[in-house]
1. So if I place +1 on the C-beta of Lys and Arg and -1 on the C-beta of Asp and Glu, and nothing else carries charge, what would the dipole magnitude of segment 76-163 be about its Cα centre? I want it in debye, nearest 20.
2. From the P(r) of segment 39-79, could you give the percentage of C-alpha pairs in the tail past 13 Å?
3. With the dipole of the chain worked out from charges on the C-beta (+1 for Lys and Arg, -1 for Asp and Glu) around the Cα centre, which of Leu354, Asn10, Gly369 lies farthest toward the positive end?
4. What is the Å³ per residue value for the convex hull set by the Cα atoms of segment 1-159?
5. Taking the simple approach of a point 7 Å from Cα along Cα-to-Cβ for both Glu273 and Leu85, what is their distance in nm?
6. Lys153: which aspartates and glutamates have alpha carbons under 13 Å from its alpha carbon, excluding same-chain residues fewer than 8 sequence positions away?
7. Net charge around Ser163, counting only other residues with Cβ within less than 13 Å of its Cβ (Lys, Arg = +1; Asp, Glu = -1)?
8. Which entries of Lys148/Lys308; Lys148/Lys409; Lys57/Lys413; Lys235/Lys335 have Cα-Cα distances beyond 24 Å here?
Amino acid sequence: MNHSFVLKGNIIHTPRCGVLELHPNSFLVCREGRAEGIFAQLPEAFAGLPVEDFRDKLILPGLTDLHLHAGQYAYRSLGMDMELLNWLEQNAFPEESRFADLDYARRAYDIFVQALRDSATTRACVFATLHRPATLLLMELLECSGLKCFVGKVNMDRNCPDSLREQTQNSLAETRRWLEECAGFERTRPILTPRFIPTCTDELMQGLGALQREFGVPAQSHLSENLSEIDWVAKLCPSTRFYGEAYAQAGLFGGDCPTVMAHCVWSGPQERELMKQQGVFIAHCPQSNMNVSSGIAPVKSYLQEGQKVGLGSDVAGGAHLSIFRAMTDAIQCSKLRWRLVDQNTPALTMPEALYMATKGGGELFGKVGSFEPGYAFDAIVMDDSDIPTTRTCNLAERLERVVYLSNGKPHVKYVQGEKLF
Ligand code: GUN
Ligand code: FE
């Protein structure tokens, strides 16, 4: 289909981190699924394209959720009175073991995919569970949703209940089979997903590194999230100087292999240096970091030092799927960090939060998350008329109100020029 058209409305995006571009009452041109430009007057060259006039509504790039667990959606908000490792054992693992049952998986993933489709998220980087059939089912449902996602079959071969522990070679064989079976999807692509170092032996990590080189797929995992986890990794991997090195030893830490590392709450200078050098994406998940008492990631410093940073809901460590919510959580956490931890580093701003939610995380998918020419046309139209106020707000203020106050559901949503609703 030829996805070429024009939208009219109040257009907002952040081509550079920290800078909000506001285009009131302007034209946004989409040609064959890609942004062509923003114009105050529609140029003659596009006069033949259909125009959809959204009048006073706000048009933003679609949001990217750089880290979440589809297999945990059913129990979001439950069992939060625990720290990470206990929370995993008592909540995450029992729920994920249910995905051996394909009927359960269908019920759970139907609910999840519907919610993600209805949200402001257009792209997501998703953990499934270790079950190959249920992971393929999730990929099928996401493919039909119109969203664009990376999805990972989880690997784990130690330190987990018997019901979830894979034999190392079986885990690798299942991963290979999954990579072969999911090759036909267009919108849904595979991403290697060793859960985290405590649940993955060196042999498994080396095998996944080899699969990465053979299939050329990206990777995702968790890094330096919680202090007990970091101590554990130091004991499990005595040859490493820092946590990230355990991924790097398997060749799964950026470079030729685009890699997303969730959290990075406690990454030290060497780890940060390597992440920068290798272009590792940091998925900042502030709500999860609060819920399972992990800490406050130094995200402003990451932006200042030029790291690649996006936002993640980390459902169900995070209870909310909304990346608008992740933006406000990120801003609020950064204020506590400034007040309580590091007075030399200011809090995050709204334009920085929008950047991370759009272009920052979108970069994992290529030219995504901005309306600059050539970027994939992912757009959401937000209607703020149902958040009444006596004030007359300018466009930047209306963005703040949408981010803090809206129910997170767009009026209209496009993914690469295709209208989902
Ligand atoms: N580390 C390993 N697995 C998980 C998980 O499911 N959630 C979070 N927040 N951290 C993890
Ligand atoms: Fe996670």
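1. On the way: 10 positive and 13 negative charges, 80 e Å.
It comes to approximately 380 debye.
2. Working: 620 of 820 pairs.
In whole percent, the long-distance tail amounts to 76.
3. The residue sitting most towards the positive pole is Asn10.
4. On the way: hull volume 25.7 nm³, N = 159.
Spelled out: Cα convex hull of segment 1-159, divided by residues, is 162 Å³.
5. 2.9
6. Leaving aside aspartates and glutamates fewer than 8 places away in the same chain, those within reach of Lys153 are Glu96, Glu166, Glu174, Glu180, Glu181.
7. Working: positive: Arg98, Arg165; negative: Glu89, Glu95, Glu96, Asp101, Asp162, Glu166.
That sum, taken over residues with Cβ under 13 Å, equals -4.
8. Lys235/Lys335
The values are calculated or read from the model by the stated rules, or taken from the named source; none is laboratory data. What you see is a predicted model; the values in this text were computed from it and never measured. All Cβ positions, glycine included, derive from the backbone under ideal geometry; neighbour counts span all protein chains shown. Heads up: the accessible areas ignore ligands, DNA and RNA and are worked out on the full protein's heavy atoms, side chains in. Shrake-Rupley method; radii C 1.70, N 1.55, O 1.52, S 1.80 Å.
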